[in-house]
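J.: Supplied in structure tokens, the structure appears directly below.
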Amino acid sequence: AERMQVPPDYVAVAAMTAVGSVIGRRVGIRPKRHDDWLVVPNVWGAVIGRPGLLKTPAMQEALRPLTKMEREAGASHDRAVKEWEARQEVEKEAKKLRATGIRNELKANRDPSAIARDLVEEQDENPEPTRRRFMTNDATVPKLGELLRDNPNGLLMFRDEMIGWLRAMEEEGREADRAFYLEAWNGTGRFTFDRIGRGTVDIEAACVSVLGGIQPGPLLSYLEARAW
């Protein structure tokens, strides 16, 4: 903040929001000693300032550690996918051997149910690796649901120009986006998408942090329009 001569708030808001998104659902607070009410430290932040006040550089500086984690997670995922694809090739040949063994056991009049039980126990689960995500910049709500399914700890939605994100929720066909984000702010509610193309997407607990920059004029006009 001193080097760029910007208000410390610009850096602090971005840093606090980023830290909250990384903590996510790992830590919860119980405000009442004898109650099961749980609060997730999920934070939303907005840096408000006129054009030219260096909002973007200040936020990007605070988000630098998170950006590095996102980049490293992507590289790790690429390596994991290559290993998974190699194991899939081995598994293809293993299936051929298992098929031959099953035919021989059936010819020997062994109980098919017993063969199936043995096969289930022998098969090594090898799911496709999922990428750890810490941040996204532009995602539809259905796609965000898939990211949250694979990253139950939560993640950060960062929009440099927050007004674009707000206005996108006014577009035809995206009327339900606002309700989803409000539910994801709480960070504890289970959410399930059912779509013909995507099937069923179960989110154990939707937790999305939001951070962005916005100018006073567009923010006021947006709020005034929503007030009516």
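J.: Please state which one of Leu147, Leu97 is surrounded by 13 or more Cβ atoms within 10 Å (Cβ to Cβ) and out of contact with any helix residue (DSSP H, G or I) (no Cβ under 9 Å at 6 or more places or on another chain).
T.: The conditions single out Leu147.
J.: Among (1) outside any helix (DSSP H, G or I); (2) crowded, with 18+ Cβ neighbours inside 10 Å; (3) out of contact with any strand residue (DSSP E or B) (no Cβ under 6 Å at 6 or more places or on another chain), there is one condition Gly173 misses while meeting the rest; what is its number?
T.: Here Gly173 clears every test but (2).
J.: Which of the following residues is without any contact (Cβ under 8 Å) to a residue 24 or more places away in the chain and basic (Lys, Arg): Arg50, Arg87, Arg26, Arg79?
T.: Details: Arg50 fails: without any contact (Cβ under 8 Å) to a residue 24 or more places away in the chain; Arg87 fails: without any contact (Cβ under 8 Å) to a residue 24 or more places away in the chain; Arg26 fails: without any contact (Cβ under 8 Å) to a residue 24 or more places away in the chain.
Just one listed residue meets the conditions, Arg79.
J.: Right, here's the next one. Hey, could you check region 203-228 for residues that are buried (at least 18 other Cβ atoms within 10 Å of the Cβ) and of a type in the set (Gly, Ala, Ser) and say which is farthest from Asn186 (Cα to Cα)?
T.: Gly213
J.: State yes or no: is Thr200 modelled with pLDDT of 90 or more, open to solvent by 50 Å² or more (accessible area, probe 1.4 Å) and out of contact with any Pro (no Cβ under 6 Å at 6 or more places or on another chain)? Working first, answer last.
T.: Working: modelled with pLDDT of 90 or more: no; open to solvent by 50 Å² or more (accessible area, probe 1.4 Å): yes; out of contact with any Pro (no Cβ under 6 Å at 6 or more places or on another chain): yes.
When the stated conditions are applied, Thr200 does not pass them.
J.: Which members of region 105-164 meet the condition of being in a loop (DSSP other than H, G, I, E, B) and in contact with a strand residue (DSSP E or B) (Cβ under 7 Å, 6 or more places away or on another chain)?
T.: From region 105-164, those in a loop (DSSP other than H, G, I, E, B) are 108-111, 123-134, 137-140, 151-154; that's our starting set.
Once the filter is applied, which keeps residues that are in a loop (DSSP other than H, G, I, E, B) and in contact with a strand residue (DSSP E or B) (Cβ under 7 Å, 6 or more places away or on another chain), region 105-164 yields Arg133, Phe134, Asn137, Gly154.
J.: Among the residues of region 62-76, how many are free of Cβ contacts under 8 Å to residues at least 60 places away in the same chain, farther than 16 Å from Ala14 by Cα and not polar (S, T, N, Q)? Walk me through how you get there before you give the answer.
T.: Let us first name the residues in region 62-76 that are free of Cβ contacts under 8 Å to residues at least 60 places away in the same chain, namely 62, 64-65, 68, 71-72, 74-76.
Among the residues that remain, those that are also farther than 16 Å from Ala14 by Cα are: 71-72, 74-76.
Then keep just the ones that are not polar (S, T, N, Q); that gives 71-72, 74-75.
The qualifying residues number 4.
J.: Moving to a separate point now. List, please: which pairs have Cβ atoms under 7 Å, are six or more places apart or on different chains, and start with a residue in region 1-23 that is under 14 Å from Arg64 (Cα atoms) and end with one that is open to solvent by 40 Å² or more (accessible area, probe 1.4 Å) and in a helix (DSSP H, G or I)?
T.: Filtered contacts from region 1-23: Val11/Glu61.
J.: Then there is this: Where residues in region 46-61 are under 12 Å from Ala14 (Cβ atoms) and either assigned to a strand (DSSP E or B) or modelled with pLDDT under 90 (or both), which of them is most open to solvent (accessible area, probe 1.4 Å)?
T.: If we take residues in region 46-61 being under 12 Å from Ala14 (Cβ atoms) and either assigned to a strand (DSSP E or B) or modelled with pLDDT under 90 (or both), then Ala46 is most open to solvent (accessible area, probe 1.4 Å).
The values are calculated or read from the model by the stated rules, or taken from the named source; none is laboratory data. Values in this document were obtained by computation on a predicted structure and should not be read as measured data. Don't worry about glycine lacking a Cβ; one is built from the backbone with ideal geometry, like all the others, and counts go over all protein chains shown. For accessibility, only protein heavy atoms count, side chains too; no ligands or nucleic acids. Shrake-Rupley method; radii C 1.70, N 1.55, O 1.52, S 1.80 Å.
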